[in-house]
Amino acid sequence: MMKYILNRRSFMGRTAVGTGAVIGGGTAIELLSSTRAWAAAEGTDGDILNFALTLEYLEATFYQQGNAANVIVDAREKDIFATIQKDEEAHVTALTETLNKLGVAPVAKPTVTFPSGTFATRASYLKLALVFENTGVGAYLGQAGSITNKDILQAAAGIFGIEARHAALIGVISGAAPEGGIYKGATETAIAKGDVLAAVMPFLGGMPNTGFAPAPQSATNLLPIGLAVGGAAAALVAFRTRGARGERA
Amino acid sequence: MSRELFDGRAVIEFDNEHDRRSFLKYAALVGVGGALVASGTSALAAASPSPSATPAARGSSQFGAGDVGILNYALTLEYLEAEFYQKGLAANILGDDAKYVTPVAAHEAAHVQAITATLQKLGATPATKPTFKFPDTTFTDKATFLKTAVTFEETGVKAYHGQITLIKDAAILGAAASIAGVESRHAAVLNYLAQMPPVPNPVEQHATMDETLTAIKPFLGA
């Protein structure tokens, strides 16, 4: 077995582990001070990988069904969507194997359902694809500060960048506005785990073995427990996620 | 000058060689190099900077140690990208594709400003903007411009990912990651416009400072 002897204190700076404390902003990039959603340690690396695996299962299943529906007909676009599907499948495989190596049980593939008509037209397929990709980007960024193992951080960041590529490409194919559609400003915006779960839960029939709470149903329930303890942290999350939630509406 | 991570201790220790090999196997699967497993990764050379040489000739040591060094390295890359896009847009060769490139130019300029402001906040001196040079047809031929843009974006993505695990301050790590994601978006779009594969790998690759400086060397110096 490998042992992790990370000096978490030096990695996390002033953040108290597991208490939902907010990272001090003294050295934060001014422009970026509103984009850091990693205000709380959101579980072990295994928890974070299983959270990521759930999202990747959702995405992989989404593209498997969507690409099989043949509503993307342009040859180049088809090729890009085939690549995206392969990427998501590769992420599922990589995360699963990583969890196995860590000795953490990978979450089972969730039951996934999409609203009827999702794959009926190119437009409806593209619309949900864009939401999933941008949610994935924010989700990975939201966990970056909580990952303790450097190699897992490297790998998660590597996947995060690919989700950003997917999001941009789907934006281009959708004919979305360059700024605000294809790009989301000069920096990516993190999304806290609780908000990601709230966004994807309507598509998930079950998330066995994750230990995650059931789907939050009300707006007051959207924050993860760790964040709910601090008013400042809660406000930070609410501020950060407002744009993302509006977009999904 | 060796740059120590986590107070010089290894992030991961293995009970035996088999465990280490197993770890490296999965690490390779997810695109992770083996170098990070060792302790005390030496990212910065000991040579003292020579102010007269170009950034490429001076090597990674010019940026200094620690997070400040990483920020100055990132700043140098952002200077290059910002000037490149500013000149490209001014040349007016992109036609309809200019709408995709205009925000990219704005992002790179914003990155320069943000990193500069961060360095000042840290009490450090931001690196000065190097003199850049671009091949003759860069701003007269659209295809050449797009191809060069792809080179810069892919280099930028790999450069940020090469530093992700070396950054000590959590806030700076978050900021760098949030910029890296934008560079990935740029890379995808520029590849798309240049008719090149927009997602060449299922995970982003990473490069060291020296590898990156070698890649941008042709563009440095008058």
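The values are calculated or read from the model by the stated rules, or taken from the named source; none is laboratory data. Bear in mind that the values here come from a model prediction, so they are computed numbers and not experimental data. Note that each Cβ is placed from the backbone with ideal geometry, even for glycine, and that neighbours are counted across all protein chains shown.
Observations on the structure shown:
- Taken over segment B:178-194, the residue count meeting the criterion of being within 7 Å of chain A (Cβ to nearest Cβ) and farther than 14 Å from A:Gly185 by Cα is 4.
- Test for B:Val189: is it crowded, with 24+ Cβ neighbours inside 10 Å and either closer than 13 Å to B:Val157 by Cα or in contact with a helix residue (DSSP H, G or I) (Cβ under 7 Å, 6 or more places away or on another chain) (or both): yes
- Given (1) within 13 Å of another protein chain (Cβ to nearest Cβ); (2) within 13 Å of the chain's Cα centre (by Cα), number of the condition B:Ile216 does not satisfy: (1)
- Residue list for segment A:136-162, filter: within 10 Å of the chain's Cα centre (by Cα) and more than 7 Å from every other protein chain (Cβ to nearest Cβ): A:Gly136, A:Gly138, A:Ala139, A:Tyr140, A:Gly142, A:Gln143
- Counted residues, segment A:163-191 - those being β-branched (Val, Ile, Thr) and more than 7 Å from every other protein chain (Cβ to nearest Cβ): 4
- Number of the condition not met by A:Gly171 [criteria: (1) under 14 Å from the mean Cα position of the chain (by Cα); (2) buried (at least 24 other Cβ atoms within 10 Å of the Cβ)]: (1)
- Screening B:Ile172 against (1) under 14 Å from the mean Cα position of the chain (by Cα); (2) under 15 Å from B:Asp67 (Cβ atoms); (3) facing chain A (nearest Cβ under 9 Å) leaves a single unmet condition, (1).
- Those residues of segment A:110-131 which are under 12 Å from A:Leu58 (Cβ atoms) and not hydroxyl-bearing (Ser, Thr, Tyr), in sequence order: A:Pro110, A:Val112, A:Phe114, A:Leu128, A:Ala129, A:Val131
- Index of the failed condition, B:Phe152 passing every other in (1) within 21 Å of A:Ala167 (Cα to Cα); (2) outside any loop (DSSP other than H, G, I, E, B); (3) within 12 Å of chain A (Cβ to nearest Cβ): (3)
- Being surrounded by fewer than 20 Cβ atoms within 10 Å (Cβ to Cβ), more than 9 Å from chain B (Cβ to nearest Cβ) and modelled with pLDDT under 50 is a property that holds for A:Thr19.
- Looking across segment A:174-195, just one residue is outside any helix (DSSP H, G or I), surrounded by fewer than 21 Cβ atoms within 10 Å (Cβ to Cβ) and in contact (Cβ under 8 Å) with a residue 24 or more places away in the chain, and that is A:Ala176.
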